[in-house]
Amino acid sequence: HAKSCGKNTYRFYSRKLNTRAQKRLEIENALRSANVEKDFYVLYQPIHDAKTQRISGFEALIRWNQEGSVPIGPDQFIPVAEETGIIFALSEFVLRTACRETQYLLKEGLGPLRVAVNLSAQQLYQKDFADRVQRMLRETGLPPAALELELTESTLIPNIRQTARVLQQLNKEGIRIAIDDFGTGYSSLNYLHRLPIQTLKIDKSFIQDAPDSKLAGNLVATMSMLAQNLGKRIVAEGVENLEQFEFALEKHCDEIQGFYFNSPVNHETLYKLLKEDRIQHGAMSQLPPAPT
Ligand code: C2E
Ligand code: MG
Ligand code: MG
Ligand code: MG
């Protein structure tokens with residue numbers, strides 16, 4: 001408490017630190033009083049096949065609906081949700097929404113599709129996490145192969161044995177696992193053969209520096225070669241312009257995600273984008289009529 005530290009210590013605190021702590025506290029309080037189903041929603045950012053540019057899937061991204069105030073992005077509130085345990089309710093909401101809405105698109109004949117959902121470390125440490133995911137798939141009817149779970153290296157490493165157990169259980173069912181923000185975490189690549197991983201998503205910082213920076217370019221080329229040698233799919237994240245798209249193509253990235261193709265959109269817009277995409281790629285004519 002500031003008072004018990006004495007006046008001098010209190011004055012020593014930088015204004016900046018106080019503002020940051022205060023901001024964090026405000027987020028925490030707002031999170032605690034939020035109604036998950038009402039105050040949050042899910043957007044989807046399409047992921048495109050690099051060669052055909054056809055939409056092969058999308059990533060579910062949570063948004064906080066705060067009318068009238070400056071929007072707070074997941075980069076700001078997810079860490080607070082993780083520290084306070086609120087992440088469990090948020091993640092459950094995102095996973096359920098993503099599974100249900102993706103299954104709807106599959107039923108509409110818009111597949112094949114894969115939905116990528118971000119996970120937090122705490123979820124992997126839940127004893128029954130894999131069972132929960134399987135239950136969710138049964139409830140929503142989504143085939144396991146249509147779900148990909150995204151994890152960062154820093155989430156995987158600290159407890160690799162427990163992580164391996166959970167991921168193997170999920171993967172055995174057909175659920176896919178991706179490493180998110182690949183290249184920004186640990187330098188040891190040992191985990192790549194200890195864990196069942198199908199996809200590497202190159203962090204957007206590399207893609208954005210790459211066309212101009214020789215080092216970033218070499219790193220992307222190396223990551224892509226590594227993925228190829230290990231038989232993993234590689235996704236370029238954060239592709240914002242033609243130059244970056246061509247660069248990712250040249251480096252043999254399998255899939256592309258970024259503002260150059262699409263920003264995150266709501267479910268209704270995603271549906272329209274997929275319809276257009278399927279017509280453009282001549283896939284709609286072979287489709288069965290939409291189920292009732
Ligand atoms: P991420 O999983 O790496 O997601 C990609 C982020 O990059 C998204 O930011 C997306 O909007 C943004 N992005 C996509 N294309 C571009 C581009 O071309 N340029 C740039 N500059 N950015 C691009 P968003 O939605 O703000 O999410 C930020 C992070 O918050 C995510 O990074 C993820 O780590 C976390 N997050 C989002 N939704 C969830 C969730 O449901 N659960 C958990 N645990 N974390 C989430
Ligand atoms: Mg992600
Ligand atoms: Mg990422
Ligand atoms: Mg991230």
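What follows is calculated from the coordinates using simple rules that are stated; it is not laboratory data. Source: prediction; values computed, not measured. In this analysis, Cβ positions are derived from the backbone assuming ideal geometry, glycine residues included, and neighbour counts consider all displayed protein chains.
Taking the number of Cβ atoms within 10 Å of each Cβ as an exposure proxy, the fewest-first ranking of VAL94, VAL70, VAL235 is VAL70, VAL94, VAL235. Taking the stretch 256-278 and a reference point 7 angstrom along Cα→Cβ of GLU108, the backbone N atoms nearer than 18 Å belong to 262-278. Relative contact order of the chain: 18 percent, from C-alpha pairs under 8 Å at least 6 residues apart in sequence. Simple spin-label estimate for TYR41 and VAL70 gives 2.3 nm between the two label positions (7 Å along the Cα-to-Cβ direction from each Cα).
Straightening the chain between GLN280 and GLN134 buys 49.1 nm, computed as 0.36 nm per residue apart minus the Cα-Cα spacing. How many angstrom separate the Cα center of the stretch 27-82 from the Cα center of the stretch 126-177? The stretch 27-82 and the stretch 126-177 have Cα centres spaced 20 Å from each other. By the gyration tensor of its Cα atoms, with a ≥ b ≥ c the square roots of the eigenvalues, what is the shape of the stretch 52-146: rounded for a/c under 1.5, prolate for a/b over b/c, or oblate? Oblate, because a/c is 1.5 or more while a/b does not exceed b/c. Here the alpha carbons of the chain define both size measures, Rg and Dmax, at 20.8, 76 Å. Calculated FRET efficiency, SER213 to LEU242, Cβ-Cβ distance, R0 = 30 Å: about 0.95 to the nearest 0.05. Label-to-label distance for ARG161 and GLN122 is 2.4 nm, based on points extended 7 Å past Cα in the beta-carbon direction. Net charge within 14 Å of ILE157 by Cβ-Cβ distance, Lys/Arg positive one each and Asp/Glu negative one each, not counting ILE157 itself? Every neighbour counted, the sum reads -1. On full extension of the chain, what length is gained from ARG100 through SER33, given 0.36 nm per residue of separation minus the C-alpha to C-alpha distance? Separation in residues times 0.36 nm, less the Cα-Cα distance, equals 21.5 nm. By the beta-carbon count within 10 Å of each Cβ, the least crowded to most crowded order of MET223, MET136, fewest first, is MET136, MET223. Taking label points 7 Å from Cα along the Cα-to-Cβ direction, LEU249 and THR52 give a separation of 1.6 nm.
Rounded to 0.05, the FRET efficiency of the ALA21 and SER188 pair, given R0 = 25 Å and the Cβ-Cβ distance, is 0.15.
DSSP finds beta bridges in the chain, and of those with both partners inside it, around 35 percent are antiparallel. The Cα trace of the stretch 138-210 gives Rg and Dmax of 13.4, 43 Å, the first to one decimal, the second as a whole number. Taking the Kirkwood radius as Rh and the Cα radius of gyration as Rg, the stretch 164-292 has a ratio of Rg/Rh equal to 1.04.
Helices in the chain that qualify as membrane-span-like (whole DSSP H runs, Cα extent of at least 27 Å along the helix axis, mean Kyte-Doolittle hydropathy of -0.5 or higher) are 87-107.
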